[in-house]
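Chemist: Dumping the structure here so I can ask a few things about it.
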Amino acid sequence: MLIINWIGKRVVGGLGSADTLIVVGMGSAVGDSMFYPSIPLTVALLVITLIGALQKLYVHLSIKSESVRKKTHPKVMKLVESGALLYDNFSDDQIDKFEVYMLLRESGIKYLSEVEHAYYEQSGNLSIYKYENPKLEHSILPEDLPNHEKFPHNKF
């Protein structure tokens, strides 16, 4: 608990996929000491302390150095513009249209035409900017998706 407190709330609160692997590794180090009496608890504490120190160094470097931040933090990708999917950006983050539809629906969006811009954030969430008075076209509800082939201007 002291090491987690030392790493900081910002780091613990914003766990990404790499951070999750670190937590699993820390759990494994502690678990080995708990299950195998031949592995001293001091080894587990040393591993956890080392992982915590490396994580703290990584956070410090990513805050201080823009080049480190560019290499280690995924960039924000625009996935929807003016009610249309931007397919060219999908491969950068290995996301498909059905995942975009799911993220939009989770935010209460029923029609793609409601969305002026949508950005895929570093957290995996979608930031959505809606039109004030949209035309309600191109439903993204699951029961309506098979009908999208009828829309020639979209690449559904």
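The values are calculated or read from the model by the stated rules, or taken from the named source; none is laboratory data. These numbers come from a predicted model, not from an experiment. Note that we place each Cβ from the backbone using ideal geometry, even for glycine, and neighbour counts take in every protein chain shown. Protein only, heavy atoms only, side chains kept; ligands, DNA and RNA dropped before computing areas. Shrake-Rupley method; radii C 1.70, N 1.55, O 1.52, S 1.80 Å.
Chemist: Need pairs with beta-carbon distance below 7 Å; first residue within 13 Å of Tyr119 (Cα to Cα) and in a loop (DSSP other than H, G, I, E, B) and within the range 76-104, second open to solvent by less than 50 Å² (accessible area, probe 1.4 Å) and among the aromatic types (Phe, Trp, Tyr); sequence gap 6+ or separate chains.
Modeler: Val76/Tyr120; Asp93/Tyr120; Ile95/Tyr120
Chemist: Can you tell me how many residues in the range 82-101 are among the small types (Gly, Ala, Ser) and under 19 Å from the mean Cα position of the chain (by Cα)?
Modeler: 1
Chemist: Continuing with this model, one more query. Here are some residues: Gly124, Gly108. Which one is in a loop (DSSP other than H, G, I, E, B), without any contact (Cβ under 8 Å) to a residue 24 or more places away in the chain, within 25 Å of Val24 (Cα to Cα) and within 22 Å of the chain's Cα centre (by Cα)?
Modeler: One residue alone meets the criteria, Gly124.
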